[in-house]
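S.K.: This is the structure I have questions about; it appears just below.
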């Protein structure tokens, strides 16, 4: 059976979405002339500033282009649904973001993204644009700790990009921006849970099968299988399972501070997300960890997938300053 | 036989048609161990390549066909298959450089360059449960057939059979590359979708040469 979507033509879904986004957010965003999949901040890129380019497949809105704006990313390359953008729009985004001080590529660790962004970096090197890459690997359920470099990047991108964007906006050196980006990634821990699949606009078929009474912990944001499938349990028990995995690796001490992100995978309601956050707040209070700031809502979705992810971003003075630095993006504002 | 620009254009028409017909099966295979979009990406890429090479004029050489296919495939798709097939066609273009038409041996050399390009770009090794498990045996079989004095169509038929065996063998493998790597042992029992689509591509190339 086909799923229901409010679209015109699955093959044109990304193009039509982009037209709508630029119509709504023209104050923040514009497309590079002749490169409609390269989306640039109207305010942000400037001489002497390290340019921050993010990107990835569509279907994760507001990731990634919603985080383009002053104080965060300078530009974004937009791919097809769940597919890395090809090198050309990445090159277009990088040239628009470049202020002569280097360009930082930041995106989730997926084989396709790595190949396309690396090809773009090779092309940019021919034009004397220096590119460095920091991959996000915050999904701790996607590979064990000793294979951290294989982990994929998911909703924790929000904190990782935020820290890097602040560093770039503060006009820090290329080395410093890169260091802070890597540190932010090392301080970010995400676990997701999926309750129901999504469907791609081109297929209108569920992209994985899951029983009506089942959930899967650790499932990826493209439906990649997770670490544990079982019967759906009450929210508190599910949150405990997810948080236990995060805390086991983060190993916080009493008095530590974190920032919290409770993210919907698409169709899970704010009501459910706040129920999840209620349990997170109790658990953090129990161990004496302070929540410096909390965001709840749609930050990195998987089309209409049902489920949520929890991200903790462990703060120190430096990362807190980066988090608190103001930003003004198309779909996110802070400070 | 000699394969010229017209023949290569017809080959891209044949591949695009075969992949379009196979799209749903490839998406299903990908749904079992990946994100269910492999058929979409491949159909999009080969349709773009077919249309782009169709626009080349009569003065174009085989190398232009391969390079045009590479660029159009890449920019239509991105994803993983974009860089992999784009690199394959760029290498075929390099192998065909300076030739107005390809002899049987030239064509098989270009075919082998495609496999090597995929291997270099994706950095997968045999046994990693990727399209390499179809492409490498296919390239070896085609090379062996040419050494034995067989024609390019026969060499590509041998390549198709070797690719099919290679794809079938991916069922028993544990994925270590790409999204399905996250499955570990749970990937066993499923054919790798990239290997499956490689068989479709190579088979369409063989049939097109035989026409």
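Read the figures in this text as sums done on the coordinates, not as results from a lab. All values reported here derive from a predicted model rather than from experimental measurement. Reconstructed Cβ throughout: ideal geometry from the backbone, glycine too, with neighbour counts over all protein chains shown.
S.K.: Would you mind giving the mean number of other chain beta-carbons within 10 Å of the Cβ of each residue in A:48-59, as a whole number?
M.R.: Per residue, the average neighbour count from other chains is 1.
S.K.: Using only Cα atoms, what is the ratio of the radius of gyration of segment A:82-187 to 2.2 N^0.38 Å?
M.R.: The reported ratio for this selection is 1.05.
S.K.: Would you mind ranking B:160, B:68, A:311 by Cβ crowding within 10 Å, fewest neighbours first?
M.R.: The most exposed by this proxy come first: B:68, B:160, A:311.
S.K.: With runs of 4+ DSSP H residues as the only contributors, calculate the mean residue ellipticity of chain B at 222 nm using -39,500 (n - 2.57) per run, divided by the residue total and rounded to the nearest 500.
M.R.: Only helices count here, giving -24000 deg cm²/dmol.
S.K.: Hey, in the GNM for chain B with a 10 angstrom Cα cutoff, which one of B:98, B:194, B:122 fluctuates hardest?
M.R.: Looking only at B:98, B:194, B:122, the biggest GNM fluctuation is shown by B:98.
S.K.: What is the gain in length, in nm to one decimal, between residue A:253 and residue A:209 on full extension, counting 0.36 nm per residue of separation less the C-alpha to C-alpha distance?
M.R.: 11.9 nm
S.K.: Quick one: divide the alpha-carbon radius of gyration of segment A:173-278 by 2.2 N^0.38 Å and tell me what you get.
M.R.: 1.27
S.K.: Within segment A:294-308, which residues have the backbone N less than 16 Å from the label spot 7 Å out from residue A:232 along Cα→beta-carbon, could you tell me?
M.R.: A:304-308
S.K.: Follow-up question, since we're still on this one. Calculate the mean, over all residues of peptide B:70-78, of how many other protein chain Cβ atoms lie within 10 angstrom of the residue's Cβ.
M.R.: Across B:70-78, the average partner-chain Cβ count within 10 Å equals 5.
S.K.: Let me ask another. Can you tell me what share of the DSSP beta bridges in chain A is antiparallel? A percent to the nearest 5 is fine.
M.R.: Of the beta bridges lying entirely in chain A, close to 60 percent run antiparallel.
S.K.: Among DSSP beta bridges lying fully in segment A:1-138, give the percent that are antiparallel, nearest 5.
M.R.: So the antiparallel bridges in segment A:1-138 amount to around 30 percent.
S.K.: Also: Using just the C-alpha positions of segment A:253-329 as equal point scatterers, what log10 of I(q)/I(0) does the Debye formula give at each q in 0.18, 0.21 1/Å?
M.R.: Here the Debye-derived log intensity ratios amount to -0.77, -0.95.
S.K.: List the extent of the Cα atoms of chain B along each of their three principal axes, largest first, rounded to whole Å.
M.R.: Principal extents (largest minus smallest coordinate, Cα): 50, 37, 28 Å.
S.K.: Given only helices, namely DSSP H runs of n ≥ 4 each adding -39500 (n - 2.57), what is the per-residue ellipticity at 222 nm of chain A, to the nearest 500 deg cm²/dmol?
M.R.: -10000 deg cm²/dmol
S.K.: Taking the highest mean first, how do the peptides B:100-109, A:50-59 order by number of other beta carbon atoms within 10 angstrom per residue?
M.R.: A:50-59, B:100-109
S.K.: Here's a follow-up. Taking segment A:186-248, how much of its Cα-Cα pair set, in percent, is spaced more than 13 angstrom apart?
M.R.: Taking all Cα-Cα pairs of segment A:186-248, the fraction more than 13 Å apart is 64 percent.
S.K.: Describe numerically, in nm with one decimal, the distance between label points set 7 Å from Cα along Cα→Cβ at residue B:176 and at residue A:16.
M.R.: 4.4
S.K.: Only counting other Cβ atoms within 10 Å, I'd like A:122, A:318 sorted with the fewest neighbours first.
M.R.: Ascending number of Cβ neighbours within 10 Å: A:122, A:318.
S.K.: Hey, rough spin-label estimate for residue A:3 and residue A:179, points 7 angstrom out along Cα→Cβ, what's it come to in nanometres?
M.R.: 4.4
S.K.: Also, quick follow-up: Evaluate the distance, in nm, between pseudo-label points positioned 7 Å from the Cα of residue A:130 and of residue A:320 along their respective Cα→Cβ axes.
M.R.: 3.3
S.K.: Additional query: Where both partners of a DSSP beta bridge lie in segment A:106-251, what percent of those bridges are antiparallel, to the nearest 5?
M.R.: The answer is about 65 percent antiparallel.
S.K.: Treating each Cα of segment A:1-81 as an identical point scatterer and ignoring solvent, apply the Debye formula and state log10 I(q)/I(0) at q = 0.17 Å⁻¹.
M.R.: -0.66
S.K.: Pairwise over distinct Cα atoms, reciprocal of the mean inverse distance: report the Kirkwood radius of segment B:5-44 in Å, one decimal place.
M.R.: 10.5
S.K.: On C-alpha positions alone, give me the angle between the axis of helix B:193-210 and the longest principal axis of chain B, in degrees, nearest 10.
M.R.: Its long axis makes an angle of about 20 degrees.
S.K.: Further question: If you look at just the Cα atoms of segment A:205-335, how large are its Rg and its Dmax in Å?
M.R.: According to the Cα coordinates of segment A:205-335, Rg and Dmax are 15.6, 47 Å.
S.K.: Further question on the same structure: What angle do you read, to the nearest 10 degrees and between 0 and 90, between the alpha-carbon axis of helix B:62-77 and the longest principal axis of chain B?
M.R.: In chain B, helix B:62-77 runs at an angle near 30 degrees to the longest axis.
S.K.: Given 4 °C and 1.567 mPa s, how large is the Stokes-Einstein diffusion coefficient of segment B:91-208 in µm²/s, with Rh as the Kirkwood radius over Cα pairs?
M.R.: 90
S.K.: Now a separate question. Which angle between 0 and 90 degrees, to the nearest 10, do you get for helix B:38-54 versus the longest principal axis of chain B when only C-alpha atoms count?
M.R.: In chain B, helix B:38-54 runs at an angle near 10 degrees to the longest axis.
S.K.: OK, next. Of the candidates A:254, A:198, A:177, which one comes out as most mobile in a Gaussian network treatment of chain A with C-alpha springs shorter than 10 Å?
M.R.: Comparing A:254, A:198, A:177 in a Gaussian network model of chain A, the most mobile one is A:254.
S.K.: Further, regarding this structure: Please give the FRET efficiency for residue A:42 paired with residue B:105, using the beta carbon to beta carbon distance and R0 = 56 Å, rounded to the nearest 0.05.
M.R.: Step by step, r from the Cβ atoms, then E = 0.50.
S.K.: Shifting gears a bit: If we restrict to alpha carbons, what Rg and Dmax does the protein assembly as shown come to, in Å?
M.R.: Final numbers for Rg and Dmax: 23.8, 78 Å.
S.K.: Also, quick follow-up: With springs only between Cα atoms under 10 Å apart, run a GNM on chain A and tell me which of A:14, A:260, A:78 wobbles the most.
M.R.: A:14
S.K.: Specify the inter-centroid distance of segment B:85-102 and segment A:1-75, based on alpha-carbon positions, in whole Å.
M.R.: 35
S.K.: Taking 25 °C and 0.890 mPa s as the conditions, I'd like the Stokes-Einstein D for segment B:1-123 in µm²/s, using the Kirkwood hydrodynamic radius from alpha carbon pairs.
M.R.: Once the numbers are plugged in, D ends up at 170 µm²/s.
S.K.: Among B:203, A:138, A:127, which comes first, then next, by fewest other beta-carbon atoms within 10 Å?
M.R.: A:127, B:203, A:138
S.K.: What percent of all Cα-Cα pairs in segment A:27-158 falls into each 10 Å bin, going from 0 up to the bin containing the maximum distance?
M.R.: 14, 47, 31, 7, 0
S.K.: On to the next question. Can you tell me which of B:123-130, A:183-190 comes out highest on packing, and rank the rest after it, using the mean Cβ neighbours within 10 Å?
M.R.: Going from most to least packed, we get A:183-190, B:123-130.
S.K.: Across the residues of B:85-93, average count of Cβ atoms on other protein chains within 10 Å?
M.R.: Partner Cβ neighbours, averaged per residue: 1.
S.K.: Something else about it: Using 20 Å as the cut-off for backbone N distance, which residues of segment B:180-199 belong to the label zone defined by a point 7 Å from the Cα of residue B:168 along Cα→Cβ?
M.R.: B:188-199
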